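Please read the structure below before turning to the comments.
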Amino acid sequence: MENNGRSSINVKRLVMWGLTADSSNGTTYSTESREFTNQLNSAKYMPKVQTAEQYGDGVKVEDYVAKDGGDLDITIRGFSEGDNEFLFGETSKNGTSVSNSEDIVPYVCVAYATERPDGKLNLFKFPKVKFMPQGEDSQQREGSSVKYGTANIKGTYSPLLSTKDDCYKRLGVDPKTDSEIVEKWFSEADYIGAPADNTNEQDADNTNEQDGE
């Protein structure tokens, strides 16, 4: 079936891993993930590009576009215990999260999914992200009018030193027939798919070729 582009109607399942090493020799992540269960409100990514134009005889003859990571803007319901330490390098002291001017903000890998009207999922993964500390938006209740507060975690995603990859997208994934792909996407930081994932498509192509002989 042709996988046409579809607008998303929901965003779900935010999972992150700590990036422990990134060099030209390879990348490693912490084996333990951090899942923001029932927390994700919205997610938006915006690639950064640099452009150049060349003219000859007064006419534009060449364009160049260089991609360099981008911005990642995520809204969650609120911070849970340990989130500030994981995301912003804060420390815990006597049961209290302490922000210090000498905190080192770590890199993390971020994965989430969007849901489409046809029931399929679009999977997103950013292998190297650093979030900037943000505040929480809290409002007073006025009579019977209640407005929930939210927390923003804004950051930048960058290319890996080892592969230069900065973003992975897998579109139109069926949560039932492709359940193993979905599970690995959110359980293994470095998983983006395997050749076996396309076996059914290749078998179908081979069958069609044989039928046409």
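The values are calculated or read from the model by the stated rules, or taken from the named source; none is laboratory data. Not measured: the values here are computed from a predicted model. Don't worry about glycine lacking a Cβ; one is built from the backbone with ideal geometry, like all the others, and counts go over all protein chains shown. What goes into the accessible areas is simple: the full protein's heavy atoms, side chains included, and nothing from ligands, DNA or RNA. Shrake-Rupley method; radii C 1.70, N 1.55, O 1.52, S 1.80 Å.
Regarding segment 84-97, can at least one residue be identified that is more than 24 Å from Leu123 (Cα to Cα), out of contact with any strand residue (DSSP E or B) (no Cβ under 7 Å at 6 or more places or on another chain), assigned to a strand (DSSP E or B) and open to solvent by 90 Å² or more (accessible area, probe 1.4 Å)? Yes, segment 84-97 has at least one match. Of all residues in segment 63-83, those being open to solvent by 70 Å² or more (accessible area, probe 1.4 Å) and in contact (Cβ under 8 Å) with a residue 60 or more places away in the chain number 3.
In the set (1) closer than 28 Å to Asn84 by Cα; (2) in a helix (DSSP H, G or I), Thr156 fails one condition alone, (2). For segment 123-146, the criterion of a residue being within 18 Å of the chain's Cα centre (by Cα), open to solvent by 30 Å² or more (accessible area, probe 1.4 Å) and in contact (Cβ under 8 Å) with a residue 60 or more places away in the chain is satisfied by no position.
I need the full set of residues from segment 98-122 which are of a type outside the set (Asp, Glu), open to solvent by 40 Å² or more (accessible area, probe 1.4 Å) and closer than 30 Å to Thr163 by Cα, in order please. Hits for segment 98-122 are Ile104, Pro106, Tyr107, Lys120.
A Cβ distance below 8 Å, combined with a sequence gap of six or more or placement on separate chains, defines the contacts here; from segment 14-25, residues that are part of a loop (DSSP other than H, G, I, E, B) reach residues that are modelled with pLDDT under 95 and surrounded by fewer than 17 Cβ atoms within 10 Å (Cβ to Cβ) in the pairs Ser24/Ser162; Asn25/Ser162. For segment 3-46, residues that are closer than 13 Å to Glu115 by Cα, surrounded by fewer than 15 Cβ atoms within 10 Å (Cβ to Cβ) and under 12 Å from the mean Cα position of the chain (by Cα) total 2.
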